[in-house]
Amino acid sequence: QVHVVESGGGLVQPGGSLRLSCAASGTPFSIYRAEWHRQAPGKERELVASTTRGDSRNYVDSVKGRFTISSDNAENTVFLLMNSLKVEDTAVYYCNVTIGGKAYWGQGTQVTVSS
């Protein structure tokens, strides 16, 4: 059974940084595609960043130049480095990974940007 666990969220001041991790276990297959989504209170979930086979990377305009998605294939883990955080980045962040042709969601990790 595949397990996907996010970690790294927390409370940070505006301008600060956080690195989120998304680790997949219970499978012999590598992550083919990884996505980071976020959902703020009262808003729809939005796709923030994605990477396919660790090569191509795409970002929503609001995070370009501030967020970086990366992966460690040996550890089957995906990261989201978030710099220059803004209050409007506050949300629950979820990862979605495609492994062996199936997509799996993590449970989410809270990111709060506040002074």
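The values are calculated or read from the model by the stated rules, or taken from the named source; none is laboratory data. Quick caveat: nothing in here was measured; it's all calculated off a predicted structure. In this analysis, Cβ positions are derived from the backbone assuming ideal geometry, glycine residues included, and neighbour counts consider all displayed protein chains. SASA here: full protein model, heavy atoms, side chains in, ligands and nucleic acids out. Shrake-Rupley method; radii C 1.70, N 1.55, O 1.52, S 1.80 Å.
Across the stretch 19-53, the qualifying residues are those that are open to solvent by less than 80 Å² (accessible area, probe 1.4 Å) and in contact with a Leu (Cβ under 7 Å, 6 or more places away or on another chain), and the one among them that is nearest to N83 (Cα to Cα) is L20.
The single condition among (1) within 15 Å of L18 (Cα to Cα); (2) in a loop (DSSP other than H, G, I, E, B) that Q107 does not satisfy is (1). What pairs come up if the first residue lies in the stretch 1-17 and is on the phi < 0 side of the Ramachandran plot, the second is of a type in the set (A, V, I, L, M, F, W, C) and part of a loop (DSSP other than H, G, I, E, B), and their beta carbons are under 7 Å apart, counting only those six or more places apart or on different chains? If the second residue must be of a type in the set (A, V, I, L, M, F, W, C) and part of a loop (DSSP other than H, G, I, E, B), the pairs left are V12/L85; P14/L85; G16/L85; S17/L85. Among the candidates S50, S70, S17, S30, the residue that is in contact with a strand residue (DSSP E or B) (Cβ under 8 Å, 6 or more places away or on another chain) and either under 14 Å from V4 (Cα atoms) or among the aromatic types (F, W, Y) (or both) is uniquely S30.
Under the condition of being out of contact with any strand residue (DSSP E or B) (no Cβ under 8 Å at 6 or more places or on another chain) and within 15 Å of W105 (Cα to Cα), the residues counted in the stretch 33-47 number 0. Count of the stretch 86-97 residues, restricted to those that are surrounded by fewer than 20 Cβ atoms within 10 Å (Cβ to Cβ) and either assigned to a loop (DSSP other than H, G, I, E, B) or in contact with a Phe, Trp or Tyr (Cβ under 7 Å, 6 or more places away or on another chain) (or both), is 3. Contact annotation: residue pairs with Cβ atoms under 8 Å, 6 or more positions apart or on different chains, pairing a residue in the stretch 54-76 that is open to solvent by less than 50 Å² (accessible area, probe 1.4 Å) with a partner that is modelled with pLDDT under 95 and part of a helix (DSSP H, G or I), are G54/N73. Restricting attention to the stretch 1-18, the residues that are under 14 Å from the mean Cα position of the chain (by Cα), assigned to a strand (DSSP E or B) and either among the charged types (D, E, K, R) or surrounded by 16 or more Cβ atoms within 10 Å (Cβ to Cβ) (or both) add up to 3.
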